[in-house]
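Asker: Dumping the structure here so I can ask a few things about it.
The values are calculated or read from the model by the stated rules, or taken from the named source; none is laboratory data. Only a predicted model underlies this, so the values are computations on that prediction, with no experimental measurement involved. Quick reminder, even Gly has a Cβ in these numbers, built from the backbone with ideal geometry, and neighbours come from all protein chains shown. When the accessible area is computed, the model is the full protein with side chains, heavy atoms only, and any ligands, DNA or RNA have been set aside. Shrake-Rupley method; radii C 1.70, N 1.55, O 1.52, S 1.80 Å.
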Amino acid sequence: MSARVQEATFDFAAEMTAFQSTVTRSGAVVSFTGVVRDDTGNLDHMFIEHYPGMTEAALQKFADQATEIFDLEKALVIHRYGQLQPGEAIMMVATAARHRKDAFAGADYLMDYLKSRAPFWKKELSKGSAAWVAAKAQDEAELAAWGLEGTAKES
Amino acid sequence: MKLNILYFAWVRERIGHSQEAYETSAVTVADLITELMARDAGYAAAFADLSVICVAVDQELSDFAAPLSDCREVAFFPPMTGG
């Protein structure tokens, strides 16, 4: 299971080709990409801060958990930090499993943990203003829905 | 006990620096926060609403009741917004 934290952009197509080329027993590969969104039309750029050391360990832990819970053959997480422009990819996850439901669920689980438990903070810098993005109650609810064992998502 | 304390995002901005070595006899995270808040207005502002403060002790998410014995690094930050 692989987790990377980097400032540089990543090549989604190349990452997926490499990911899939090492899969041997899976019939399903799922990916998710998070992109910098400009809701107001005024966003200049996004700044993402993280906690070096803790971030890498947290991503690795979530990837390992997802792998165990959903019997994934392979999981990949890439998350960027630093300055990003609207439309740029912030992060991606990829999962491979025998069947599609586990691949989708594994990716969904990873995303829910990344949103609320990985030490990243987003700041939106717009024309004339700068604001840290607040965590959403909905994100906590999504996380809680997995339950303590992380096996049943009921929402 | 000497701790390395780290601050992130708007907690860092309110306090004015990203890390410091700090000598303390605080027993728990909550004790440490009380000590820090007494230092100046920036710390007081950063910790004014503890419902939006998270803590990691030695890079593991923790809580305000956690003991600080044998700990080397404490980090304070707002709720995380990854993904």
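Asker: With the dipole of chain A worked out from charges on the C-beta (+1 for Lys and Arg, -1 for Asp and Glu) around the Cα centre, which of A:LEU114, A:MET46, A:PHE104 lies farthest toward the positive end?
Answerer: Sorting the options by dipole projection puts first A:PHE104.
Asker: While we're here: Could you size up the charge dipole of the range A:45-155 around its Cα centre, putting +1 on the beta carbon of Lys and Arg and -1 on that of Asp and Glu, and report it in debye to the nearest 20?
Answerer: On the way: 13 positive and 16 negative charges, 76 e Å.
For the range A:45-155, the charge dipole is close to 360 debye.
Asker: Just need the Rg to Rh number for chain B, please, alpha carbons only, Kirkwood Rh.
Answerer: Values: Rg = 11.6 Å, Rh = 12.6 Å.
Across chain B, the Cα-based Rg/Rh ratio is 0.92.
Asker: Size of the dipole of chain B about the Cα centre, Lys and Arg at +1 and Asp and Glu at -1 on the beta carbon, nothing else charged, in debye to 20? Mind dumping the intermediate values first?
Answerer: Values: 5 positive and 12 negative charges, 39 e Å.
The dipole magnitude comes to about 180 debye.
Asker: Output wanted: per-residue J couplings in Hz (rounded whole) for the range A:57-70, from phi through Karplus 6.51 cos²θ - 1.76 cosθ + 1.60, θ = phi - 60°, x for Gly and Pro.
Answerer: 5, 5, 4, 4, 5, 5, 5, 5, 4, 4, 4, 6, 5, 9
Asker: Another one. Would you grab the residues whose amide H sits under 5 Å from the one on A:GLU73? Only those 5+ places off in sequence or on another chain, please, with H modelled 1.01 Å from N.
Answerer: Sorted by chain and number, the residues that satisfy this are A:ALA96, A:ALA97, A:ARG98.
Asker: Now, a different point. How are the alpha carbon pair distances in the range A:2-133 distributed across 10 Å bins from zero to the largest one, expressed in percent?
Answerer: 13, 41, 32, 12, 2, 0
Asker: Taking +1 at the Cβ of each Lys and Arg and -1 at the Cβ of each Asp and Glu, which of A:ALA18, A:VAL77, A:ALA144 sits farthest along the dipole of chain A towards its positive end, judged by Cα position relative to the Cα centre?
Answerer: It is A:ALA18.
Asker: What accessible area per residue, rounded to a whole number of Å², is obtained for chain B using a probe radius of 1.4 Å? Numbers along the way, then the final one.
Answerer: Details: 3860 Å² over 83 residues.
For chain B, the solvent-accessible area averages 46 Å² per residue.
Asker: Another one. Of the options B:GLN59, A:THR33, A:ALA135, report the single residue whose Cα projects farthest towards the positive end of the charge dipole of the protein assembly as shown (beta-carbon charges: Lys, Arg +1; Asp, Glu -1).
Answerer: Result: A:THR33, furthest along the dipole toward the positive end.
Asker: Continuing with the same structure: Could you work out, residue by residue across A:119-126, how many beta carbons of other chains sit within 10 Å of that residue's beta carbon, and then give the average as an integer?
Answerer: Details: counts 11, 7, 11, 5, 4, 0, 0, 0.
Rounded to a whole number, the mean comes out at 5.
Asker: So, one more: Restricting to DSSP loop positions (anything but H, G, I, E, B) with no more than 16 other Cβ atoms inside 10 Å of their own Cβ, which trypsin sites (Lys or Arg not before Pro) remain in the range A:1-92?
Answerer: On the way: sites: A:ARG4, A:ARG25, A:ARG37, A:LYS61, A:LYS74, A:ARG80; in loops: A:ARG25, A:ARG37.
For trypsin sites (Lys or Arg not before Pro) across the range A:1-92 that sit outside H, G, I, E and B with at most 16 neighbouring Cβ atoms in 10 Å, the list reads A:ARG25, A:ARG37.
Asker: Here is a follow-up. Give me Rg over Rh for the protein assembly as shown, both radii from the alpha carbons and Rh done the Kirkwood way, two decimal places. Walk me through the numbers before you get to the answer.
Answerer: On the way: Rg = 19.1 Å, Rh = 19.1 Å.
Rg/Rh: 1.00.
Asker: Separate question: From the helices alone, meaning DSSP H stretches of at least four residues, give me the mean residue ellipticity at 222 nm for the protein assembly as shown, per-run term -39500 (n - 2.57), in deg cm²/dmol to the nearest 500. If you can, show how the numbers build up before the last one.
Answerer: On the way: 7 runs with 74 residues, N = 238.
That comes out to -9500 deg cm²/dmol.
Asker: Also: Can you give the charge dipole size of the range A:79-134 about its Cα centre, rounded to the nearest 20 debye, using +1 on the beta carbon of Lys and Arg and -1 on the beta carbon of Asp and Glu? Mind dumping the intermediate values first?
Answerer: Working: 9 positive and 5 negative charges, 5 e Å.
Computed about the Cα centre, the dipole is about 20 debye.
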